[in-house]
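The block underneath contains the structure these notes are about, expressed in structure tokens.
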Amino acid sequence: ARARPAARSAVDVSKVVSSALRLASFDESFKKLTVETDLDGGLPAIHADADQIQQVALNLLLNARDAMPDGGTLEVRVSAAGSDVVMSIADTGKGIEAETAEQIFDPFYTTKPAGQGTGLGLAVCYGIVTALGGKIEVTANAPTGTIFTVTLPVNGEN
């Protein structure tokens, strides 16, 4: 596949995440989830490609859905933290083992059964976020589940 160059412009992360949630909501298994959102309006824009930010959000949302096949709670937040915009996606799924968490951003690493994942989703997310000067982290969501936190700099000019 030919990659197009990133078309960076001012991006409202809350609007992009809202759009990704709308897209994910068309999926039947996504409808089993209780989705709680806190998308701050009026946050500073980041300098990024909106399609790439949507790709990151959608991938994290669908991974959270896959971690909760029988339903659960999905918390999606976008907020400001200093000079950064932070997107947080927390699920009440099965969680990620500590050893696995060290490898999840590696290309072709997957914990999904054959035919259900290529192991590229989180690697692509990592590439997009780090190219913007941001970071993506995973932590446990007590008592069960996972929290992915994406921190993106407001200036974002790289």
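Here is how the numbers come out for the structure above:
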quantity	calculated
All positions within region 24-46 that are part of a helix (DSSP H, G or I) and either of a type in the set (D, E, K, R) or more than 20 Å from Ile136 (Cβ to Cβ) (or both)	Glu28, Ser29, Phe30, Lys31, Lys32
Residue in region 2-24 that is modelled with the lowest pLDDT, counting only those that are loosely packed, with under 13 Cβ neighbours inside 10 Å and either over 15 Å from the mean Cα position of the chain (by Cα) or of a type in the set (A, V, I, L, M, F, W, C) (or both)	Arg2
The listed residue being farther than 23 Å from Thr144 by Cα, in a strand (DSSP E or B) and touching a strand residue (DSSP E or B) at 6+ places or on another chain (Cβ under 6 Å), out of Val76, Val85	Val85
Residue in region 47-67 that is at pLDDT below 95 and assigned to a strand (DSSP E or B) present	yes
Test: residue in region 92-103 that is aliphatic (A, V, I, L, M) and at pLDDT 90 or above	no
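The values are calculated or read from the model by the stated rules, or taken from the named source; none is laboratory data. Model, not experiment: these values are computed from the prediction. Here Cβ is always computed from backbone atoms with ideal geometry, including for glycine, and neighbour counts include all displayed protein chains.
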